[in-house]
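Asks: Take this structure, written in structure tokens, and hold onto it; I'll ask about it next.
The values are calculated or read from the model by the stated rules, or taken from the named source; none is laboratory data. Remember, predicted model here, so these are calculated numbers, not experimental data. Here the Cβ positions follow ideal geometry from the backbone for every residue, glycine too, while neighbour counts run over all protein chains shown. Just the protein is used for accessible areas: all its heavy atoms, side chains included, with ligands, DNA and RNA removed. Shrake-Rupley method; radii C 1.70, N 1.55, O 1.52, S 1.80 Å.
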Amino acid sequence: MDKDTAGERIAGLRKVIEYHNNRYYQQDDPEISDAEYDRLLRELQDLEKLYPDENIASSPTQRVGALPLAKFSSALHPSPMLSLANAFSEEEIIDFDARIKKLTLTDSISYVVEPKLDGLAVNLIYENGLFVRGSTRGDGITGEDVTQNLKTISALPLKIKKNGPIPVPPFVEIRGEVYMEIEPLHKLNRRRLAEGEEPFANPRNAAAGSLRQLDPKITARRPLNIFLYAAGSIQNTHFSSHWEILQALKAWGFPVNPLIEQAKNIKECIQYFEKIGGKREGLPYDIDGVVLKVNDLALQAALGAVSRNPRWALACKFPATQATTIINDIIVQVGRTGILTPVAIMQPVNVGGVIVSRATLHNEDEIIKKDIRIGDTVVIQRAGDVIPEVVKAVSSKRTGSEKEFRMPVTCPECGSETVRPEGEAAHRCINLSCPAQLKENISHFASRGGMDIDGLGEKVSAQLFDAKLIQDPADLYFLNSDQLLALERHGEKSARNLIDALERSKNPPLAKFLYALGIRNVGEHIAKILAGKFGNMENLMKAEFGDLTAIYEIGPEIATSIIQFFHEPRNKAVMEKFQKAGVVPRQSPVILNNAPLAGKSFVFTGTMENMARSEAKIIVESLGGIVHSTTTGKTTYLVAGSKAGSKLDKARSLGITLLTEEDFLKLIGKK
Ligand code: IVH
């Protein structure tokens, strides 16, 4: 390939990969398989190695693809990250201005006024215009190095744009807030519930929890956003006001909150505070106040800081949307994957304009930690749009008649035993036939990633369930068209189509079937591994704990979920019904149980002469083996091509069998 053709191909690949990143990570709706995606990314990586260009810094190869970390390393901030003093009333705002005037002997101070986002503060370091390191605030002196995770945020520039009169400094720290918008957070929470995870209580927790993931691939799938609002140390560039810094940030390509304004005096600051307060509910993200900053940087420097708070800035907080009420009862709700959530039923009360009569108590530990009892007077709060929660009990109001609450040992919906898996806060009902879980279980079963049954979405699933025609996914296969015709909104054609679609789905790939069952912790990827390893349902259902944990990528947590699932008598009955209905999953064709490389895992390093890595991967997989990118104690073979690097050393230290390219070719029968 000549240089021009390569350049075109590189540009094309970057575009295509960015498109698929968005489909996969942000929209959760990939159009191509992981293998196809990997192939594109690998091709781009290979081409970029051969033909490096100036746009590489913003290439998708720089955003995704980093390997998971064992732990975060700590990052010392070149200049400390300060915090903000708070004001809760107009009086305190006026005092702040008066103090500044007195200290600086100035009679008029102008400010920059900014919305205060509720997220996580980060420090970004750019050297010669390139993003080199990013960290959380931590204690203000040292934070956690979350560079790889920050790179996955598409709004974050990997390279400073040269634009306008301000030169790009050789070194600069840029500060801002990583946050999550409310709508995407709700969507994420729905997904988490569907996958059996606890939802995030508020946008702040969501942003923090997403950014502090050891595996950047997880962060990449979280809808994170960023606004930048300050600079730390800067080399060789002079600014005289905070406003100028913000304009430079914008010109350099950083997202800066468009609601930021200048205020000529403290009166305008207060007007701004009120204006933003009025807009707050309509914003797509959560804010908890506004920040006032003295605009003149010389004045800022003169004012300095007391303890961790600069004297030149102030956080004006909106009144907390809290209220006091009484808990009449605590009930337990059962979610889609069987999570039992205790919910406080309260005397209705107005919290920030919304009447609230229920609030989540999260789980048993929370109730014990906060010592919340039935009959207690409690403080509750609503953060933005998010579900109200109980902050604390007012113990001085206790009369002695309050009742302590215990989580039920059986599911309140179906009476099955509940379990609390080790290391988890939530109790769960693991009965597949639990009515509370059932409707969603059925639509999950029929969903696109699962059995992909046309015409069986959430609505129809619920309708069939409510009409008592089905109890569990296996019942679907015993439906007849007369039963469907008796339902509202169903005609001959739709009934026929549904029956046909069900009939057609009777021989699904095993992996799809496993995923469709909705076993906790068994997502599409694990389902594929299980299918490859066990070949059919009987083998999997017979598997013991040790058989499962012996599989690469399956740890004790997943193994426990699988065993518990097939142990539950009602689930056993459902499995028998599937068999009776003639639902027989088929073995996925590529990975054979008795395949020559079954159970063997490979890591490739260095360059191979005779074969591209992508090709090697396909061959290994077709022979039943697995290819991984990192070497661990469980790796069977490390295949070292020429110019093998640190992976080789690691494999040596772990005592892993090393193969040359020639050894590998022999092993796969190519030589
Ligand atoms: S300025 C001295 N500006 O509030 C400068 N902070 O309570 C300190 N925050 O850690 C930061 N929006 O996480 C600044 N427009 C804004 C902000 C903001 C949110 C957060 C930030 C900081 C915390 C301090």
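Asks: From largest accessible area down, sort Ile355, Ile94, Ile380; use a 1.4 Å probe on the protein chains.
Replies: The residues order as Ile355, Ile94, Ile380, largest area first.
Asks: Sticking with this structure for a sec: Counting only protein heavy atoms and a 1.4 Å probe, tell me what percentage of the chain's accessible area is made up of carbon and sulfur.
Replies: The nonpolar share, carbon plus sulfur, comes to 51 percent.
Asks: Over 18 Å between Cα atoms, which of Lys151/Lys187; Lys617/Lys666; Lys512/Lys533; Lys187/Lys317; Lys151/Lys650; Lys439/Lys493 qualify?
Replies: Lys151/Lys187; Lys187/Lys317; Lys151/Lys650; Lys439/Lys493
Asks: How do Glu609, Glu404 stack up against each other in accessible area, from largest to smallest, with a 1.4 angstrom probe?
Replies: Most to least solvent-accessible, the answer reads Glu609, Glu404.
Asks: For His186, what accessible surface area do you get with a 1.4 Å probe? Give it in Å², rounded to 10.
Replies: Here the residue's solvent-accessible area equals roughly 50 Å².
Asks: Now for a different question. When DSSP assigns beta bridges and you keep just the ones with both residues in the chain, what percent turn out antiparallel, to the nearest 5?
Replies: Taking every DSSP beta bridge within the chain, about 80 percent pair in antiparallel fashion.
Asks: Within a Cβ distance under 10 Å of Trp252, other residues only, what is the Lys/Arg minus Asp/Glu net charge?
Replies: That sum, taken over residues with Cβ under 10 Å, equals +4.
Asks: Further question: Taking the DSSP beta bridges in the range 523-643 as the whole, what percent of them are antiparallel, to the nearest 5?
Replies: Among the beta bridges of the range 523-643, antiparallel pairing accounts for roughly 10 percent.
Asks: Using the Cα centre of the range 94-248 as the reference point, and only Cβ charges (+1 on K/R, -1 on D/E), how large is the resulting charge dipole? Debye, rounded to the nearest 20.
Replies: In debye, rounded to 20, the range 94-248 gives about 400.
Asks: Which whole-number percent of Cα pairs in the range 257-324 have a distance greater than 15 Å?
Replies: Tail of P(r) above 15 Å: 61 percent of Cα pairs.
Asks: Kindly write out, for the range 564-574 in residue order, the coupling ³J(HN,Hα) from the Karplus curve 6.51 cos²θ - 1.76 cosθ + 1.60 (θ = phi - 60°), rounded to whole Hz, with x marking Gly and Pro.
Replies: Result, rounded to whole Hz: 4, 4, 7, 7, 5, x, 5, 5, 4, 4, 4.
Asks: Counting only heavy atoms of the protein chains, get the accessible area per residue of the chain (1.4 Å probe) and round it to a whole Å² value.
Replies: 48 Å²
Asks: Right, next: For the range 616-669, what relative contact order do you get, as a whole percent, if you take Cα pairs closer than 8 Å and at least 6 residues apart?
Replies: 33 percent
Asks: When N is the residue count of the range 330-378, what does its C-alpha Rg come to as a fraction of 2.2 N^0.38 Å?
Replies: Expressed relative to 2.2 N^0.38 Å, the Cα Rg reads 1.22.
Asks: Shape verdict for the range 319-427, please, from the Cα gyration tensor: rounded (a/c under 1.5), prolate (a/b greater than b/c) or oblate.
Replies: Prolate, since a/c reaches 1.5 and a/b exceeds b/c.
Asks: Find which of Pro78, Gln247, Ser481 sits farthest along the positive direction of the dipole of the chain, computed with +1 on the beta-carbon of Lys and Arg, -1 on that of Asp and Glu, about the Cα centre.
Replies: Final value for the positive-end residue is Pro78.
Asks: Here's a follow-up. Specify which residue in the list Ala543, His567, Phe578 is farthest towards the positive end of the charge dipole of the range 539-580, using unit charges on the beta carbon of Lys, Arg (+1) and Asp, Glu (-1), about the Cα centre.
Replies: Phe578
Asks: Name the residue farthest towards the positive end of the dipole of the chain from the options Thr106, Ile626, Pro408, assuming +1 on Cβ of Lys and Arg, -1 on Cβ of Asp and Glu, about the Cα centre.
Replies: Ile626
Asks: Report the net charge of residues surrounding Lys512, where surrounding means a beta-carbon distance below 11 angstrom and charges are Lys +1, Arg +1, Asp -1, Glu -1.
Replies: Charge balance near Lys512 sits at +1.
Asks: If you don't mind, another one. Quick test of your reading: applying the under-4.7 Å Cβ rule, which cysteines of the chain are isolated?
Replies: By the Cβ distance rule, which asks for a partner under 4.7 Å, the isolated cysteines are Cys269, Cys316.
Asks: When every alpha-carbon pair in the range 605-671 is counted, what percent end up more than 17 Å apart?
Replies: Of the Cα pairs, 37 percent sit more than 17 Å apart.
Asks: Once you sort the root eigenvalues of the Cα gyration tensor of the chain as a ≥ b ≥ c, which label holds: rounded (a/c under 1.5), prolate (a/b larger than b/c) or oblate (the other case)?
Replies: Oblate.
Asks: While we're on this one: Over 19 Å between Cα atoms: which of Lys116/Lys293; Lys159/Lys250; Lys647/Lys670 fall into that group?
Replies: Exceeds cut-off: Lys647/Lys670.
Asks: Taking the Kirkwood radius as the inverse of the mean 1/r across Cα pairs, report the Rg/Rh of the range 419-543.
Replies: 1.01
Asks: Okay, next question. State the extension gain, in nm to one decimal, for the chain segment bounded by Asn497 and Leu654, taking 0.36 nm per residue of separation less the distance between their alpha-carbons.
Replies: Here the answer is 50.9 nm.
Asks: What whole-number distance in Å separates the alpha-carbon centres of the range 239-280 and the range 59-136?
Replies: Their Cα centres are 14 Å away from one another.
Asks: I need to check one value: relative contact order of the chain, counting alpha carbon pairs closer than 8 Å and at least 6 residues apart, in percent.
Replies: 9 percent
Asks: With +1 on each Lys and Arg Cβ and -1 on each Asp and Glu Cβ, how big is the dipole of the range 67-109 about its Cα centre, in debye rounded to the nearest 20?
Replies: 400 debye
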